[in-house]
1. What tally of residues in the stretch 148-169 results from selecting those that are more than 22 Å from residue 59 (Cβ to Cβ) and either modelled with pLDDT of 95 or more or within 16 Å of the chain's Cα centre (by Cα) (or both)?
2. Report yes if residue 63 is surrounded by fewer than 14 Cβ atoms within 10 Å (Cβ to Cβ) and either modelled with pLDDT of 95 or more or within 10 Å of the ligand (Cβ to nearest atom) (or both), otherwise no.
3. Are there helices (runs of 4 or more DSSP H) fully within the stretch 72-188 with at least 3 residues that are within 14 Å of residue 50 (Cβ to Cβ) and out of contact with any helix residue (DSSP H, G or I) (no Cβ under 9 Å at 6 or more places or on another chain)? List them.
4. Residues in the stretch 87-99 that are of a type in the set (A, V, I, L, M, F, W, C) and farther than 9 Å from residue 69 by Cα: how many?
5. Across the stretch 78-110, what is the total count of residues that are within 13 Å of the ligand (Cβ to nearest atom), hydrophobic (A, V, I, L, M, F, W, C) and surrounded by fewer than 16 Cβ atoms within 10 Å (Cβ to Cβ)?
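The values are calculated or read from the model by the stated rules, or taken from the named source; none is laboratory data. The model shown is predicted, which means the values in this text are computed figures rather than measured ones. Note that we place each Cβ from the backbone using ideal geometry, even for glycine, and neighbour counts take in every protein chain shown.
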Amino acid sequence: MPFGSACSATRNHKRIGNPIVCYGPSKRMGYPDNRVEEYGMKKTAVVTAGTAGIGLETALGLADAGFFVTVVGRNADRGAQAVDRINAMNPSHPARFLPADLGSLDQVRALADQIAAEHATSGDPLTVLVNNVGAMFPEPQTLDGIEASFLVNHLSPYLLTELLLPTLTADAPSRIVNVTSRPCFRTR
Ligand SMILES: NC(=O)c1ccc[n+]([C@@H]2O[C@H](COP(=O)([O-])OP(=O)(O)OC[C@H]3O[C@@H](n4cnc5c(N)ncnc54)[C@H](OP(=O)(O)O)[C@@H]3O)[C@@H](O)[C@H]2O)c1
């Protein structure tokens, strides 16, 4: 995957490679992105599996930091509850829910197409993509004819990132954050 260079990583993140990547100058590097203030552009973020757990907490944090957040999940009720919770905290930056089963590559493609088309139309940058989806399957199984764990934990975020790279890089600086899990070290 043609990821950019790692720009900021916690100690844990370093251990698993470069899950946080950035395109273009970052504030940490001393080049503030003034476009939001100068041109009224929105800071936007997409958080996969963002309707519960770590993803929802991440979405809440991003909304609190002034991002317009899109949370992705399968369950519409859970999505609506997550949006309500985010909006109750920061009504001036409304969130939204997009449904997608990230265990289906067709749905990943449709999700990426929709997000890319919307950003192309609105002109707003896609500032942050958080690939948070992850799942453990107690029994071996396949989805879309592919081993389920490999599909959800690797192929799906890889494909979403690849398809959104033009959108992410078009208005850099932008960030891709890959959330992973310690069991990835035990795979054979
Ligand atoms: N929890 C931990 O202790 C822990 C530790 C290390 C790493 N992690 C990593 O952190 C990330 C999040 O973990 P978590 O524990 O917060 O997860 P979680 O609570 O199990 O996540 C639930 C979220 O995942 C969504 N989701 C699950 N399968 C999905 C699919 N196929 N397509 C779309 N959305 C899906 C759910 O939405 P719906 O219900 O709508 O489908 C919901 O928003 C994962 O990558 C995990 O590997 C977690």
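1. Residues that pass the stated criteria total 7.
2. Taking the combined requirement at face value, the residue does not satisfy it.
3. 76-89
4. 3
5. 2
Conditions tested, residue by residue: (1) over 24 Å from residue 66 (Cβ atoms); (2) away from the ligand (no atom under 12 Å from the Cβ).
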site	(1), (2)
118	no, yes
129	no, yes
141	yes, yes
144	yes, no
162	yes, yes
180	yes, no
183	yes, no
